[in-house]
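The values are calculated or read from the model by the stated rules, or taken from the named source; none is laboratory data. Please read all numbers here as calculations on a predicted model, not as lab measurements. Quick reminder, even Gly has a Cβ in these numbers, built from the backbone with ideal geometry, and neighbours come from all protein chains shown.
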Amino acid sequence: MTTPRIAFDLKPSASPLGDAERDAVLANPGFGRHFTDHMVTIQWTAGRGWHDARLEPYAPLQMDPANMTLHYAQSIFEGLKAYRQPDGSVKVFRPEANARRFQRSARRLAMPELPVETFVEACDLLVGHDRAWVPGEGEASLYLRPFMFASEVGLGVKPADQYTFVVIASPAGPYFSGGVKPVSVWLSEEYVRAAPGGTGEAKCAGNYAASLVAQAEAAEHGCDQVVWLDAVERRYIEEMGGMNLYFVYGSGENARIVTPELTGTLLPGITRESLLRIAADLGYETGETRITTDEWRQGNADGSLTEVFACGTAAVITPVGEVKSARGHWTVGDGGAGEITLRLREALLAIQTGRAEDKHGWMHTL
Ligand code: PLP
Ligand code: COI
C-alpha cells in the first residue's frame, strides 16, 4: 500500500526583507546566522498520524514549559544543502539519503517515522518558495535544517504522543571562517561521544549537547575541533564533532583513501558515503577500517600517511593540519591542504554546483 500524500496548506507571505537587504546577507552569509522567509511544519499525533502540514512565514514557535523535549530530549535533526545550478535552477544534494537517516534517528529515539517522500516534499516546498535565498556564487548554498521534537506537554518519562516536524533554511558560506584552511584537532581521551548500544549513529540533539564540553577542552588546547575515540578502548578514531574523517596513505594515483568503519557509534555521513564513491570513480583504492591513534601518529612519523581531512554537509571537506592529545602533538603532512583532499573537494563541489556530470543521480530537482 502506498502512503497517501499529505496535503500542505500554503500560507506564503511577502519577504520582510527587500532585495538589497537579502543580497547583502547572501554576499556574506556565514553559517546558521540568517534564516529565510518561510518554514514548513507538520504535526504528528498518536492514533492520527501526520497532519496539519503547512508552509508559513518563519516565526518563533510557542512552547509550554512542560514540553517534553525540554526535559527528556526527544529531538532529532538533519542537515542538507540546495545549490544554484549554472542555468539558474536549484537542486538539492541527496535529500532521500537524509530522509532515510532521519527515519533511522527517529526509530532510535522512539519517535514516529516521517515518510521519505514527505520529508523531500517539505524540503522542496521550502526551497521552492525561498529560492531567492539560494546563493549564486561559488560553493555557497542554502543549508536546510529539518528537525523533529516532542510536542506533548507533561513530565512523565515515555515516548511522547505528539511531535512537530519543522524545516527551516539558512544561506551558508564556509562553515569554518578560515575557508579551506586546515584545522587543528584535539584527541579526546577523557570524554566520549558515544558508546556501543547508545545513540551515536542517530542524529539527535543530545549527542551535540554532550560534545560541547570536549569541544571546549579542544579550544583550551588551542584546537579548532575535537576528534572522538571509541568509548571502550579509547584508541580507535571515530569522527569529529560534526564531521567524519578520512585518511590518505601514499600519494598520486596509488593513494589509498580510508575512513573509519561504521561501528554503530559514529554518524553515517552522507558526504562520507558519497566520497567513497567519488574516490573510487577517480581510480583510488578505498577502504573502511578501524584506525588507531597510534597508527595515525606512526603513519605521520614514517610518512606513509600523507593527508587527513574531515567531511560533512556543513564543512564540505576540510583538511586536518595538526593533531594534539594528552600524549603528544604532531603535524599532518606539511600541515597544509593536501593534493588529494583538494581534488576530492573539487570533485564533490563540481557535482553539487552542476559543473560536473551527476552520474550517481544525486542531484534532486525540485
Ligand atoms: N558526524 C557528525 C557528528 C555530524 O553531525 C555530521 C553532520 O551531519 C557528520 C558526521 C557528517 O554527515 P553528513 O555528511 O551527512 O553531513
Ligand atoms: C551538518 O553538517 O549538517 C552538521 O550537522 C554539522 C553541524 C552543523 C551540526
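The C-beta contact set for segment 181-194 (first residue within 14 Å of V213 (Cα to Cα) and buried (at least 23 other Cβ atoms within 10 Å of the Cβ), second residue modelled with pLDDT of 95 or more and among the basic types (K, R), distance under 7 angstrom, 6+ apart or interchain) comprises W186/K324.
Just one residue in the set G206, G222, G242 is farther than 26 Å from Y284 by Cβ and within 21 Å of the chain's Cα centre (by Cα); that residue is G206. Selection of segment 245-258 for residues being at pLDDT 95 or above and away from ligand 1 (no atom under 11 Å from the Cβ) yields Y246, F247, V248, Y249, G250, A255, R256, I257, V258. Return the residues of segment 291-303 that are surrounded by 15 or more Cβ atoms within 10 Å (Cβ to Cβ) and not polar (S, T, N, Q); say none if nothing qualifies. The answer is I291, E295, W296, R297, G299. Cβ-Cβ distance below 8 Å, separation of 6 or more or different chains: which pairs start in segment 299-317 with a residue that is within 15 Å of ligand 1 (Cβ to nearest atom) and modelled with pLDDT under 95 and end on one that is in a loop (DSSP other than H, G, I, E, B) and aromatic (F, W, Y)? These pairs meet every condition: A314/F31; A314/Y175; A315/Y175; A315/F176; V316/Y175.
Between R272, R277, the distinction of being within 16 Å of ligand 1 (Cβ to nearest atom) and either in contact with a His (Cβ under 7 Å, 6 or more places away or on another chain) or polar (S, T, N, Q) (or both) belongs to R277 only.
Cβ-Cβ contacts under 7 Å between residues 6 or more apart (or on different chains), taken from a first residue in segment 201-217 that is over 13 Å from L266 (Cα atoms) and in contact (Cβ under 8 Å) with a residue 60 or more places away in the chain to a second residue that is more than 10 Å from ligand 1 (Cβ to nearest atom) and small (G, A, S), are listed as A205/A73; A205/S75; G206/A73.
Each row is one residue, and each column tells you yes or no for (1) among the charged types (D, E, K, R); (2) in contact with a helix residue (DSSP H, G or I) (Cβ under 6 Å, 6 or more places away or on another chain).
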site	(1), (2)
P12	no, yes
D23	yes, no
P29	no, no
M39	no, no
P65	no, no
G79	no, no
R84	yes, no
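Evaluated against (1) within 12 Å of ligand 1 (Cβ to nearest atom); (2) more than 26 Å from M68 (Cβ to Cβ), G242 falls short on exactly one condition, (2). Among the criteria (1) at negative phi; (2) surrounded by fewer than 17 Cβ atoms within 10 Å (Cβ to Cβ), the one T265 does not fulfil is (2). Looking at segment 276-341, the strands (runs of 3 or more DSSP E) lying wholly inside it that each contain 1 or more residues that are closer than 22 Å to N254 by Cα sit at 285-289, 305-312, 316-325.
Yes or no: segment 152-167 includes at least one residue that is part of a strand (DSSP E or B), touching a helix residue (DSSP H, G or I) at 6+ places or on another chain (Cβ under 9 Å) and within 14 Å of ligand 1 (Cβ to nearest atom). No. A single entry from G200, G206 fulfils the requirement of being of a type outside the set (A, V, I, L, M), in contact with a strand residue (DSSP E or B) (Cβ under 9 Å, 6 or more places away or on another chain) and assigned to a loop (DSSP other than H, G, I, E, B): G200. Taken together, the criteria place A337 among residues that are away from ligand 2 (no atom under 16 Å from the Cβ) and either at pLDDT below 95 or under 24 Å from the mean Cα position of the chain (by Cα) (or both).
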